[in-house]
Structures are given as C-alpha cells and as structure tokens.
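One structure is given here, and the rest of the page talks about it.
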Amino acid sequence: MTKRVAILISGGGSNMVALVDSMRGDHPARAVLVVSNDPDAGGLAKAQKLGIPTASVDHKPFGKDRAAFEAALQDTLEAAAPDIICLAGFMRILTPDFTAKWDGRMLNIHPSLLPKYKGLHTHARALEAGDTEHGCSVHEVTAALDGGPILGQARLSVSPDDTPDTLAARLLPLEHGLYPAVLRRFAGGDRARVDLQG
C-alpha cells in the first residue's frame, strides 16, 4: 500500500522539492500535502507547481501558545491522513505532546553530523570547532531536539577556505540525495541506515 506523506516547511522548500520529485514510479510513497507555518514561504508555490495540495498554519497569531498552534497544525494534517511526516526546513520546535502523536512516523533532516551541533548555526559551529568533516543527518523525530534515532548521514570534507555559506551550499546537494534515499527505505518499512559521501 502506498504511504501518504505530508511535508512541513518554513522557507524555500528545496528539500521538499527533492522529496516530491523522488516519489515517482515504484516509490512506496506519495506526497499528499505540503504545510508551512509561514503563509509567504516560497516552498508553497513550488509545491503547487508540482501539483501537491498546500496549507499554511501561521504560528504568529498563536503567540507563545504552542499547544494551540500545534492543535491547528494537527487538524490540518489529520485532514490529509498522512502515514509519514517529513520535516524539511520546518523552523518550529515541536512539543513532546505533538511528537508523541506521530511517534515512529516523523522524519527530519538536520545540517550536521548528529549528535554534533543540535539546533541552529551548524555550519558556523563546525568551522569554529575546526572540524575537517561536516554533513547532514536524517533522523526520527522524538521529544528530544534533534535527538531521535539516526537513519542516515551524508558527509563531506571541510575546505580551508570554507565559510558557513559555502559549506551550506556544498552540503545542500547531499541533503537532496540523502533525504529521498532515507524516505524510500523508511516508507518501505526499512530503517536500515543510509550513508553517503560527498
């Protein structure tokens, strides 16, 4: 049975596009919804051009009431009846109550070699630490920030002249390869780890 995938974004949606483009042919999943917490996110227009239904649940009117925002987000997701949720540049920290509802069914991509550099500014932190290797990770989402089981990683060598921006730009194609590879396995019931080298 084909798995239904909802993708959550906050910005331009490049990882979302990579995921949608991968879900063709004999892929065990199909995208059924793209949701953003920002009604002006560029990724929403990209999803519409790809023929994927979109929705926005603006977090701003909810202020600091994360539970109310997540209740609205949950209602939007439930209407699409997804089997899997992919966070693809979704810049809201989700509460344990929300992640528990989707336990074992929600993935995220993070721009570091977890468990290193959870949270933000990962490229700058890798450079500040003098790392010779950097990368990205796809993991299951749990209540722990960027702390769920790792399902795949892609690695590249850090160049002496790298900046946070160049590192981010060089890493992006690896993200676009890793996330679809992990999703294909995950949707087929395979949690075996995927490792890629850039």
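Given (1) under 28 Å from residue 101 (Cα atoms); (2) under 14 Å from the mean Cα position of the chain (by Cα); (3) open to solvent by 20 Å² or more (accessible area, probe 1.4 Å), identify the lone condition not met by residue 191.
The failed condition is (2).
Among the listed residues 89, 63, which satisfies the condition of being on the phi > 0 side of the Ramachandran plot, surrounded by fewer than 13 Cβ atoms within 10 Å (Cβ to Cβ) and not polar (S, T, N, Q)?
Testing whether each residue is on the phi > 0 side of the Ramachandran plot, surrounded by fewer than 13 Cβ atoms within 10 Å (Cβ to Cβ) and not polar (S, T, N, Q) leaves just 63.
Please go through the stretch 99-139 and give me each residue that is in a loop (DSSP other than H, G, I, E, B), farther than 24 Å from residue 84 by Cβ and of a type in the set (Asp, Glu), ordered by number.
131
Take the stretch 1-20 and flag every residue that is part of a helix (DSSP H, G or I) and either in contact (Cβ under 8 Å) with a residue 40 or more places away in the chain or under 13 Å from residue 172 (Cβ atoms) (or both).
Selection gives 14, 15, 16, 17, 18, 19.
Restricting to the stretch 40-60, give me the number of residues that are more than 19 Å from residue 17 (Cβ to Cβ) and open to solvent by less than 60 Å² (accessible area, probe 1.4 Å).
Pass one, the stretch 40-60, residues more than 19 Å from residue 17 (Cβ to Cβ): 57-60.
Restricting the remaining residues to those that are open to solvent by less than 60 Å² (accessible area, probe 1.4 Å) gives 57-59.
Summing the residues that are more than 19 Å from residue 17 (Cβ to Cβ) and open to solvent by less than 60 Å² (accessible area, probe 1.4 Å) in the stretch 40-60 gives 3.
Can we say residue 79 is open to solvent by 30 Å² or more (accessible area, probe 1.4 Å), outside any strand (DSSP E or B), small (Gly, Ala, Ser) and touching a strand residue (DSSP E or B) at 6+ places or on another chain (Cβ under 9 Å)?
Values: open to solvent by 30 Å² or more (accessible area, probe 1.4 Å): yes; outside any strand (DSSP E or B): yes; small (Gly, Ala, Ser): yes; touching a strand residue (DSSP E or B) at 6+ places or on another chain (Cβ under 9 Å): yes.
Here the answer is yes, as residue 79 does meet what is asked.
Would you confirm whether or not the stretch 143-151 contains a residue that is among the hydrophobic types (A, V, I, L, M, F, W, C), within 19 Å of residue 19 (Cβ to Cβ), in a strand (DSSP E or B) and open to solvent by 20 Å² or more (accessible area, probe 1.4 Å)?
Yes, some residue in the stretch 143-151 is among the hydrophobic types (A, V, I, L, M, F, W, C), within 19 Å of residue 19 (Cβ to Cβ), in a strand (DSSP E or B) and open to solvent by 20 Å² or more (accessible area, probe 1.4 Å).
The values are calculated or read from the model by the stated rules, or taken from the named source; none is laboratory data. None of these values were measured; they are calculated from a predicted model. Note: ideal-geometry Cβ built from the backbone for every residue, glycine included; neighbour counts use all protein chains shown. Just so you know, the surface numbers come from the protein's heavy atoms only, side chains and all, with ligands and any DNA or RNA stripped out. Shrake-Rupley method; radii C 1.70, N 1.55, O 1.52, S 1.80 Å.
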